[in-house]
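The values are calculated or read from the model by the stated rules, or taken from the named source; none is laboratory data. Model, not experiment: these values are computed from the prediction. All Cβ positions, glycine included, derive from the backbone under ideal geometry; neighbour counts span all protein chains shown.
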Amino acid sequence: MNTRQLWRTFWRNKTAVAGVIVALGVVFMALLAPVISPYDPLQQNVYYRLTGPERAHLFGTDVYGRDVLSRVIHGARVSLLVGVTSVLIGMGAGTLLGMTAGLLRGKVETGIMRAVDVVMCFPDLILGIMVMAVLGSGLDKLIITIGVVMTPRFARMVYGTTLSITEQDYIDAARSIGAPVWRLLMRHVLPNCLGGVLVMASLWTGAAIRIEANLSFIGMGVAPPTATWGNMIRAGIDHLTNAPWLSVFPGLAILITILAFNMLGDGIRDVTDPRLRGG
Amino acid sequence: MKTVLSLFCTVLLVGSIAWGVELAERQLLRIAFDAGDLSTLDPHFAAATMDRGVVDMIYNGLVRYRPGNIDPEYIEPDLAERWTVSEDGLTWMFYLREGVYFHPFPGYPDGYELTADDVVYSLEKAADPQRSGYSGMYGGMSFEALDEYTVRITLAEPESPLLFLPKVADYSGGFIVSKRALEENGLDWFRSNPVGTGPFAFAEYRPMDRVVLVRNERYFRGAPVLEQVEIRYMPDLSARELGLRRGELHLIEGLREQPWVEKVEGLPEDLAVDVFGPGETHVVHFNTRVPPLDDVRVRQALAYAISREELMVFIGERVTQPLYSPVPEFLAGGLTREQAEARGLLYEVDRDKARALLAEAGYPDGFGVDVIITEMASYLSPTQAIQAQLTHVGIAKDLRVVEHSTFHSLIRDDLSAMVHYECWRPNADVFLTHFYHSASRVVYGERPITNFSHFYQADYPIERARVALDPEEQTGWWKEAQFRILEDMAAYPLYILGFVYARQPELDYVHDLVAIAALYPQITEKTRILAGS
Amino acid sequence: MIAYVVRRVALTVPILLAVLTLVFLLVRVAPGDPAVAALGDLASREAVEALRVRMGLDQPLWRQYVQFLAGLGRGDLGRSLITGVPVAQQVGSVLPHTLQLTFAGVLIGIVFGAPLGVLTALHRNRLLDYLGRTFSLAGLSVPAFYLGILLMLLFSIQLRWFPVVGAGDFADPLENLYYLVLPALTLGLIMTAYVTRMTRSAMLNILGEDYVRTARSKGLVERRVIYTHAFRNALIPIISVVGIHAIELIGSAVMTEIVFSRPGLGRLLVGAMMRRDYIALQSIMVIYAGFVVLLNLVTDLSYGFIDPRIRYE
C-alpha cells in the first residue's frame, strides 16, 4: 500500500478523523490560550470566590476567585507540552538505545537491554513518582521524568524491529563490504523503524498526558499557581461537596484530550495493521 | 406559700429532667484527623497535630493546663499533687499522687504503679536528643527521685514559673512515659505502642487507617465516660465532611477557612463548628543575608506591599486574628495593635510607600525573588495570595512548591529568600529564641533551629527576659526584642489562624474550648456523647 | 521444558538484584530528610542529627546497602523510620485491601468485558459495536482518579448510597463490601474497557480463521461456532493480555486508593515517599517490582505452555 492509499484509508476512518479534529482543537486552544481565555488565569479575586458556573464565569471560580475556564484553557498548554515533548524525548532516547543494541549486539546489547528490563519492572506511575521525587517538581523535571518512563518502551520495540531488519541478507551484504555502522543505521534501520515508532508515539501521547495528570494530582507535578488540569482537580477535591465544578471541568478536559489522542492512535494503528481494520 | 414551694419543686424536677443529661447508649467516639497516617505516638517526638491529639488522651504530665485552656495562669496538678520552688528559682520539688497506674502492656496485664523512677526516666528521655525531639527545652536540668513519690528538678539558671511549668506540663516533653514498658520493649516498639497513665489506653493501630483507644478503668480521676475512641486518618476533607454528615463520625478536623465554617453551619444536618485557639501564627521571615533583601528598605517595602487585612478577608475573619508582633498579644510579651502603632511599626498596606522605598533602594521596577513553599494548603493559599499582592509593586515571587518535609529541610538549609512559617510555640521565649536569637540562625547558628532571617540584634533582651523572675520586667524585655525585630523588618507578622473542627451537637466536651496546647478540641475522661434529640 | 523454566527463573535473579540496587539508590538520591519529617518543625538541628544517627542514616551508603540486602535475605523488611512499625506489619495490614481491590477490579473487568467484547465483535460495524468501542475507548482514556471522583459525586454525594472513603473491616464482610463497591467499580470499569477491547480484537482474528469458517460452512449452529470454537480459542490471548494489563492496572489501582483514601500499598508508597521513609519506601518499591517480575515470568511461562515453539527461543 502506498502513502496515498494509506492517507485515504486513514481519512475514511471516522474515529481517527474525530480524534484528529479534537486533538487539533486542543492544540489550538493551547496555542491561543492568552487570546481566547476570558480572564488572566492567575488573577485572584478575594471577593469572588467559589462561585458556581454563571455567565461571567462559565466554569465558575476557584478558592482564589480565579476563573476556572481560563485555567482549564491554560492547563492545555502544560498537558500538551508535557505529553508531546516527553514522548519525543522517550522516542529519541529509546530509538537510539534500541537501534544501538540491535545493531552492535554483544556486550552493548546485553547492557542496554538488561537495563531496559530492569526499568520496565516498575509500573509507569511508580517509576514516575520515584524519579519525580529525585528530581523535584517543575515543568522541566516532569517532562524528563515522563521521558524516562517512556524510553525503555520505545527501546524495546525499536530493538525488536532492528533485529528483524539486521537478520535480512542485504544488511549482511552491506556489512561485508565494510559499510560503517552509522550508515547502515541511517540508510536501512532508521527508515524501517520509523513507521512503528510514530504509531507508538501517537498512542503514547495520551498515556503521557495521563501520567502527567496523575503526578499533578498526587502533588508531584508542575507547581501552583501554574494551572494544570491535574493540580486543579487536586485543589478542587477539598470542595467536592460544595464546588464540584473545580474538579469536574478540568477532569473533562483531561478525558477529552486523552480520548482524542487514543482515537488518533487507534486510527493510525488500524491503517498500518490492516488485519484489525475496523472501519 | 406551700403551693409556691411545690410549684417551685415541680419546676425544679421538670427542669432537671429537661436539663439533666441523658447519655447515648454507645459511648464510642469517632474522630477523623486530616492526615494519611500517624507519625509517632512517642509523646517526646509527637509534633504533628494528629499525633499530639492522640498522645494527649494517653498521657499525663506532672502538671496540666486546665482542659480547654492553654493559659499558664491556670496550670493545675496532674500526676503531681503539689509542688514547691526554692527562692532562687533553681530547685523545684514535685510530690506525686499515689495510686496512679500505667496502662497494661505485655508482661504487665494490670499495669504497675507510677513512681518517681518513671518520672525521672521520662524527663531524662525528654532531655536526651537521641530519644526526644524536645531536648532543647531541658538543657542544664537534672532530675532526681528523692523517694517513691518525690522528684527534684534542679535548673542551671533560674526560670520563672511561667517559663518552667509548661516544660513539665501535659505538652511535648512533659508527658510522663512508662520506664518499664520502654526499657523492656525498646524505643521502636514504643513509638507505635504507647503506654501512659491517661484516661484512654492504646488498643490497636492499623496503618493508614485508624488508632483505637479504650477507656482506662483505673484512671486516677475516675473511669472515663467514653468507652472507646477511634481515631481515623482521613486526608480528604470531603470525605471527613460526608462521614460527619452521615453520622459515621462525631468529630472532624475541618478546613481553616471561613467559607467552610459557614457552609457546614448552613447544612441541614445541624452540625456544630468549633473555632478555637491558640491557633498558629503566620509570619513571613525575610532572609537578611540575601540581596536584595539584605537592604532594610527592601524588606520594609515588602511589608508595606502586603495587605494583612486582605489576607484575613481571604482566610476569613472568624478563623483569624491579626498578628502585630511575632508573639501573639494574648501571650505574655505580645504586642497589641496600639503598642505597635505607637512605635510606627504597624506596617499597614501602603503600596506607594513600598514603591518609594524600592526606588530608594535602587529597584524602581521591582525585582524577582525565589521562594520555597510547602504544598500544604494553609501555607500555600496565603503564599499565593501574597504573591498576587506583591506583583502590584513589581515584585515577582517565584514559587517552588515542594512536599512538606522537603520544605522543612530546604528552608533549614537557608535556601529560601522568604520563609512563610506557620507554628504554635508555648511562650514568648520559645517564639523569640527559636526565630530571632543568633544561636538559632539556620546553618550558621550554634544551635540552628528556625531563625530564617539571620537576625541577631535582639539577643540581649531575649536573654534578659529568660532569666527575669519579675513578670513585668520579663514582658518588658520581650517587647523590646520585638520592637527591634519589627524596626529591622526581619519578619512580617500576618495573622493567627485558629483551629477548626466540626462535630455532632451530641458530642459534649464538658470543658469550654478556649485554647488547647494539644491543638485539638481535647477529649478527657469527662467527654461524653449525649443522647440524640 | 523444565530447562526453559529453570533458565527463565534464573534470569530473574540478576534483574531482581538490579531492581533492588536501583531502588536503594533512587530512594537515597531524593532530597528531603526522614529525620526532619519524623521530628516535625520544633526540633533543633541537634535533635535531627541525633535521630539521623539512630536511624542509621549517617552510615556509609554501602553499609546501608549491605544491611538492606542482608535484611531482605532474612526476610526482614526493617522498621518504618517514622512510625517504628515493622514494614512487614505495615504491608501486611494494607496488602489485603489492595489485593481485594485489584481482584474485584479484574473480576468486574472479565465478567463484563468478555461478553461485551464478543458481542461487539459479532456486531462488527453496527450500532452495538460503535457503542461498545466508544465505551472502551473512554474507559481506556479516563484517569482512574477522575472516574473515582465522578462516581463519588454521583453515588456518595448526590445519592448518598455509598461511603466516600476508607475501607471496611474484614471482620464484617457486609461493611467491607459496602466500602469496596465504588473503588472496585472505578477500577473495574477501566478493566472492563481493556478486556472488551482485547476480546473484540481476539475474536475478530479468530472469526477470520479458517477453522471457524469451516465450522460455519459445515452448517453448525452459529451459537455453537462462537462458543466452542471462537471464544475458547480467543480466551488464551485474552488471559495473557489481562496478565500484561494487570501491570498497567497497578497505576490505576494506586490512584484509586489515593482518591478513595483506602488503606493500601499504593497509598503506603505515596505516604512513605512524602515522609522520606526510606526503609518503608524501598520495601514497597521492591514489592511492586517483584510483582511485575513475577507477572512477567508467569506470562512468559504460560506462553511457553501454550505455544511450544517459544520454548526454544
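Among the residues of region B:76-99 satisfying the criterion of being touching a strand residue (DSSP E or B) at 6+ places or on another chain (Cβ under 6 Å) and of a type in the set (Ser, Thr, Tyr), which is surrounded by the most Cβ atoms within 10 Å (Cβ to Cβ)? Only one residue fits best here, namely B:Tyr95. Scanning region B:102-119 for residues that are touching a strand residue (DSSP E or B) at 6+ places or on another chain (Cβ under 9 Å) and surrounded by fewer than 20 Cβ atoms within 10 Å (Cβ to Cβ) turns up B:Pro104, B:Asp110, B:Tyr112, B:Glu113, B:Thr115, B:Asp117. Take the residues in region B:5-49 that are at pLDDT 50 or above and of a type in the set (Val, Ile, Thr); name whichever of them is nearest to B:Ile231 (Cα to Cα). It comes out as B:Ile31.
Can you name every residue in region A:17-67 that is aromatic (Phe, Trp, Tyr), away from chain B (no Cβ under 14 Å) and either loosely packed, with under 15 Cβ neighbours inside 10 Å or in contact with a Cys (Cβ under 7 Å, 6 or more places away or on another chain) (or both)?
Step one: of region A:17-67, the residues aromatic (Phe, Trp, Tyr) are A:28, A:39, A:47-48, A:59, A:64.
From what is left, the residues that are away from chain B (no Cβ under 14 Å) are A:28, A:59.
If the condition is that a residue be aromatic (Phe, Trp, Tyr), away from chain B (no Cβ under 14 Å) and either loosely packed, with under 15 Cβ neighbours inside 10 Å or in contact with a Cys (Cβ under 7 Å, 6 or more places away or on another chain) (or both), then A:Phe28 is the only one that fits.
This table checks each residue for (1) aromatic (Phe, Trp, Tyr); (2) more than 22 Å from C:Ser261 (Cα to Cα); (3) out of contact with any strand residue (DSSP E or B) (no Cβ under 8 Å at 6 or more places or on another chain).
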position	(1), (2), (3)
C:Gly117	no, yes, yes
C:Leu140	no, yes, yes
C:Pro143	no, no, yes
C:Ile157	no, no, yes
C:Pro173	no, no, yes
C:Tyr178	yes, no, yes
C:Leu185	no, no, yes
C:Leu189	no, no, yes
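A:Ala173 meets the conditions (1) facing another protein chain (nearest Cβ under 8 Å); (2) at pLDDT below 85; (3) over 17 Å from the mean Cα position of the chain (by Cα) in every case but one. The failed one is (1).
I'd like to check something: does region C:138-154 contain any residue that is of a type outside the set (S, T, N, Q), within 12 Å of chain B (Cβ to nearest Cβ) and without any contact (Cβ under 8 Å) to a residue 12 or more places away in the chain? Yes, the conditions are met somewhere in region C:138-154.
Can you tell me which residue within region B:276-305, out of those that are assigned to a loop (DSSP other than H, G, I, E, B) and out of contact with any Phe, Trp or Tyr (no Cβ under 8 Å at 6 or more places or on another chain), is farthest from B:Val443 (Cα to Cα)? This residue is B:Asp295. The one condition from (1) more than 23 Å from B:Glu157 (Cα to Cα); (2) surrounded by fewer than 23 Cβ atoms within 10 Å (Cβ to Cβ); (3) at pLDDT below 95 that B:His454 does not meet is (3).
Highlighted here are the strands (runs of 3 or more DSSP E) found entirely within region B:192-275 that include at least 1 residues which are farther than 28 Å from B:Ser378 by Cβ, over 23 Å from the mean Cα position of the chain (by Cα) and without any contact (Cβ under 8 Å) to a residue 60 or more places away in the chain: B:200-206, B:210-215.
Listed conditions (1) under 20 Å from the mean Cα position of the chain (by Cα); (2) farther than 22 Å from A:Arg210 by Cα; (3) polar (S, T, N, Q) are all met by A:Thr15, apart from (2).
Could you tell me whether any residue of region C:167-183 is within 19 Å of the chain's Cα centre (by Cα), within 14 Å of chain B (Cβ to nearest Cβ) and not in a helix (DSSP H, G or I)? The answer is yes, given that some residue of region C:167-183 is within 19 Å of the chain's Cα centre (by Cα), within 14 Å of chain B (Cβ to nearest Cβ) and not in a helix (DSSP H, G or I). Within region A:101-129, being surrounded by 19 or more Cβ atoms within 10 Å (Cβ to Cβ) and away from chain C (no Cβ under 11 Å) holds for A:Ala101, A:Gly102, A:Leu103, A:Ile112. Each residue in region B:391-403 was checked for being surrounded by fewer than 20 Cβ atoms within 10 Å (Cβ to Cβ) and either part of a helix (DSSP H, G or I) or within 14 Å of chain C (Cβ to nearest Cβ) (or both), and 3 pass.
Yes or no, residue by residue, for (1) in contact with a Gly (Cβ under 6 Å, 6 or more places away or on another chain); (2) farther than 22 Å from B:Leu28 by Cα; (3) within 11 Å of chain C (Cβ to nearest Cβ); (4) acidic (Asp, Glu):
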{"residue": "B:Glu184", "(1), (2), (3), (4)": "no, yes, no, yes"}
{"residue": "B:Val195", "(1), (2), (3), (4)": "no, no, no, no"}
{"residue": "B:Gly198", "(1), (2), (3), (4)": "no, no, no, no"}
{"residue": "B:Arg218", "(1), (2), (3), (4)": "no, no, no, no"}
{"residue": "B:Ile252", "(1), (2), (3), (4)": "no, no, no, no"}
{"residue": "B:Arg256", "(1), (2), (3), (4)": "no, yes, no, no"}
{"residue": "B:Glu265", "(1), (2), (3), (4)": "no, yes, no, yes"}
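Residues of region B:422-431 that are touching a helix residue (DSSP H, G or I) at 6+ places or on another chain (Cβ under 8 Å) and either in a loop (DSSP other than H, G, I, E, B) or surrounded by 22 or more Cβ atoms within 10 Å (Cβ to Cβ) (or both): B:Arg425, B:Pro426, B:Asn427, B:Ala428, B:Asp429. Where in region B:306-367 are the helices (runs of 4 or more DSSP H), entirely inside, with at least 1 residues that are out of contact with any helix residue (DSSP H, G or I) (no Cβ under 8 Å at 6 or more places or on another chain) and buried (at least 17 other Cβ atoms within 10 Å of the Cβ)? The helices (runs of 4 or more DSSP H) meeting that bar are B:308-315. Selection over region A:64-94 of residues that are of a type in the set (D, E, K, R) and either closer than 30 Å to A:Met120 by Cβ or in contact with a helix residue (DSSP H, G or I) (Cβ under 8 Å, 6 or more places away or on another chain) (or both) gives a count of 2. So is B:Tyr444 of a type in the set (Phe, Trp, Tyr), in a strand (DSSP E or B) and more than 20 Å from the chain's Cα centre (by Cα) or not? No: the conditions fail for B:Tyr444. The condition of being closer than 30 Å to B:Asp470 by Cβ, surrounded by 21 or more Cβ atoms within 10 Å (Cβ to Cβ), assigned by TED's automatic domain parsing to the domain that holds B:Asp56 and among the β-branched types (Val, Ile, Thr) holds for B:Val151.
Checking B:Arg484, B:Arg464 one by one, the residue that is in contact (Cβ under 8 Å) with a residue 24 or more places away in the chain and basic (Lys, Arg) is B:Arg484 and no other. Scan region C:33-56 and give yes if some residue there is more than 14 Å from chain B (Cβ to nearest Cβ) and at pLDDT 80 or above, otherwise no. Within region C:33-56, none of the residues are more than 14 Å from chain B (Cβ to nearest Cβ) and at pLDDT 80 or above.
When region B:371-400 is filtered for residues that are of a type in the set (A, V, I, L, M), without any contact (Cβ under 8 Å) to a residue 60 or more places away in the chain and touching a Gly at 6+ places or on another chain (Cβ under 8 Å), only B:Ala396 remains. Test B:Gly173 against the criterion of being within 11 Å of another protein chain (Cβ to nearest Cβ), farther than 19 Å from B:Tyr65 by Cβ and in a helix (DSSP H, G or I), and give yes or no. Considered against the rule, which asks whether it is within 11 Å of another protein chain (Cβ to nearest Cβ), farther than 19 Å from B:Tyr65 by Cβ and in a helix (DSSP H, G or I), B:Gly173 comes out as no. Just a yes or no: is a residue in region B:491-513 among the aromatic types (Phe, Trp, Tyr), over 24 Å from B:Asn60 (Cα atoms) and part of a strand (DSSP E or B)? Yes: one or more hits.
Among the residues that make up region C:185-208, is at least one of them in contact with an Asp or Glu (Cβ under 7 Å, 6 or more places away or on another chain), at pLDDT 80 or above and more than 11 Å from every other protein chain (Cβ to nearest Cβ)?
Of the residues in region C:185-208, the ones in contact with an Asp or Glu (Cβ under 7 Å, 6 or more places away or on another chain) are none.
No, every residue in region C:185-208 fails to be in contact with an Asp or Glu (Cβ under 7 Å, 6 or more places away or on another chain), at pLDDT 80 or above and more than 11 Å from every other protein chain (Cβ to nearest Cβ).
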